[in-house]
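Asks: To start, I am sharing the structure in question, which I have written as structure tokens.
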Amino acid sequence: MNKIERSIELIRKSESLALKMSPEGFHLAFSGGKDSQVIYELCKMANVKFSAHMQITTIDPPPVLKFIRDKYPAVELIKPEKSFFKWIETKQLPTRQIRWCCEELKEVGGKNHVVIMGIRKAESAARSKRSEIEEHKNCSYNKIMLNPILDWTNADVWTFIRKNIGYWCELYDQGYSRIGCIGCPMQNAKQRINDFKMFPRFKYPIVKSIQKNIDKGKYGNFENAEDVFNWWIGNYSAKEYLAQKNQQVINFKWI
């Protein structure tokens with residue numbers, strides 16, 4: 001049995017549980033990325049009952065939203081009650097260590113459902129420990145995650161898309177290997193900086209929210225909101241960023 005057949009079989013075997021939890025069937029977590037395209041197509045091939053939903057984070061790349069509206073009009077785009085920028089005002093900036101953004105903006109969808117997700121072990125060390133069927137860590141959500149392409153490689157995904165779908169978001173042709181939120185703290189610094197070069201209008205509301213934190217006495221080691229923003233996208237520790245900035249000032253004085 002090849003990977004496609006195995007994934008379809010897993011989805012079909014899980015449908016009875018999905019229907020037991022909700023008459024709507026599966027809740028498919030869609031992002032517009034290559035992996036979510038694959039699980040969407042697999043659900044169609046499996047001929048199971050499902051509906052696809054995208055949790056808008058308010059820092060989604062515009063080309064992704066356009067791609068979904070053009071190619072996946074059946075996907076429900078769900079706006080959050082509070083934007084990413086408003087969350088910054090109360091929780092401060094998300095970091096690799098304190099990444100509240102997924103919990104508050106993405107994981108809220110699919111309560112009381114079996115949620116089909118496009119995560120893969122090859123994406124990160126943390127995901128390599130995931131299982132095909134899992135209960136959500138927050139029991140109040142009452143949802144089970146199904147990960148039918150967990151063992152697929154990047155090559156598997158692209159081969160499937162080219163053979164069975166034939167289109168993808170334009171960002172992949174512009175150098176992106178993964179598609180997610182603009183400035184995601186799990187990206188490297190080079191990619192985060194590039195995000196804000198491509199989509200500069202997202203910087204201002206973030207800096208504005210940072211300033212509101214500064215007004216409350218947060219980020220006291222930094223001179224201003226711009227400094228905080230530059231530290232944040234650079235993936236430095238605060239100590240590293242400030243030391244580097246001070247060194248640059250010293251070097252400049254000696255030129």
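Asks: In the chain, what percent of the accessible surface is made up of carbon and sulfur (1.4 Å probe, ligands and nucleic acids excluded)? If you can, show how the numbers build up before the last one.
Replies: Values: 7260 of 14060 Å².
Summing carbon and sulfur atoms, their accessible area is 52 percent of the total for the chain.
Asks: For R127 and T153 in one chain, what is 0.36 nm times their gap in residues minus the Cα-Cα distance, to one decimal in nm?
Replies: Numbers: separation 26, 0.36 × 26 = 9.36 nm, distance 1.27 nm.
My answer for the length gained is 8.1 nm.
Asks: Using alpha carbons only, how many angstrom separate the centre of the range 217-233 from the centre of the range 35-77?
Replies: Taking the Cα centre of each part, the range 217-233 and the range 35-77 sit 36 Å apart.
Asks: Once both axes come from the Cα atoms, what is the angle between helix 62-71 and the longest principal axis of the chain, in degrees from 0 to 90, rounded to 10?
Replies: It is inclined by approximately 20 degrees.
Asks: Let me have the relative contact order for the chain, percent, based on Cα pairs under 8 Å that are six or more residues apart.
Replies: It rounds to 20 percent for the chain.
Asks: Oh, and also: With each run of n ≥ 4 DSSP H residues scored as -39500 (n - 2.57), what mean residue ellipticity at 222 nm is computed for the chain after dividing by its residue count and rounding to the nearest 500 deg cm²/dmol? Could the numbers behind the result be given before it?
Replies: Details: 10 runs with 116 residues, N = 255.
Calculated at 222 nm, the ellipticity per residue is -14000 deg cm²/dmol.
Asks: For the Cα atoms of the chain, what angle does the longest principal axis make with the long axis of helix 3-21, in degrees from 0 to 90, nearest 10?
Replies: 90
Asks: Continuing with this model, one more query. Relative contact order for the range 1-126: what is it in percent, counting Cα pairs under 8 Å that are at least 6 residues apart? Present the calculation step by step, with values, prior to reporting the outcome.
Replies: On the way: 141 pairs, mean separation 41.1, N = 126.
Result for the range 1-126 is 33 percent.
Asks: Can you give the accessible area per residue of the range 1-158, in Å², using a 1.4 Å probe? If you can, show how the numbers build up before the last one.
Replies: Values: 7900 Å² over 158 residues.
Computed with neighbouring chains in place, this is 50 Å² per residue.
Asks: Along its three principal axes, how long is the range 64-218 when you only count alpha carbons? Whole Å, largest extent first please.
Replies: Principal extents (Cα only, largest first): 52, 39, 32 Å.
Asks: Of K3/K79; K49/K129; K86/K245; K111/K216; K91/K190; K20/K129, which ones are farther than 31 Å apart at the Cα?
Replies: Values: K3/K79 34 Å; K49/K129 28 Å; K86/K245 29 Å; K111/K216 35 Å; K91/K190 25 Å; K20/K129 27 Å.
Distance filter (> 31 Å) returns K3/K79; K111/K216.
Asks: As I understand it, the dipole of the chain uses +1 on the Cβ of Lys and Arg and -1 on the Cβ of Asp and Glu, about the Cα centre. Which of I78, L28, N213 lies farthest toward its positive end?
Replies: Toward the positive end, the furthest listed residue is N213.
Asks: Something else now. Nearest 10 degrees is fine. How inclined is helix 238-254 to the longest principal axis of the chain, computing both from alpha carbons?
Replies: Taking Cα atoms only, the helix is inclined about 40 degrees.
Asks: Give, in nm to one decimal, the length gained when the segment between Y72 and N230 is fully stretched (0.36 nm per residue of separation minus the Cα-Cα distance). Before the final figure, lay out each step's value.
Replies: Details: separation 158, 0.36 × 158 = 56.88 nm, distance 3.55 nm.
Answer, rounded to one decimal: 53.3 nm.
Asks: Counting only heavy atoms of protein chains, what accessible area per residue, in Å², does the range 198-242 have with a probe of 1.4 Å?
Replies: Numbers: 2560 Å² over 45 residues.
I get 57 Å² per residue for the range 198-242.
Asks: For the range 1-59, just say rounded, prolate or oblate: build the C-alpha gyration tensor, square-root its eigenvalues into a ≥ b ≥ c, call rounded for a/c under 1.5, and beyond that prolate if a/b exceeds b/c, oblate if not.
Replies: Details: a/c = 2.83, a/b = 1.25, b/c = 2.26.
It comes out oblate by the Cα gyration axes.
The values are calculated or read from the model by the stated rules, or taken from the named source; none is laboratory data. Computed from a predicted structure; not experimentally measured. For neighbour counting, all protein chains shown are included, and Cβ atoms are generated from backbone atoms with ideal geometry for every residue, glycine included. We work out accessible area using only protein heavy atoms, side chains counted, and drop any ligands, DNA or RNA first. Shrake-Rupley method; radii C 1.70, N 1.55, O 1.52, S 1.80 Å.
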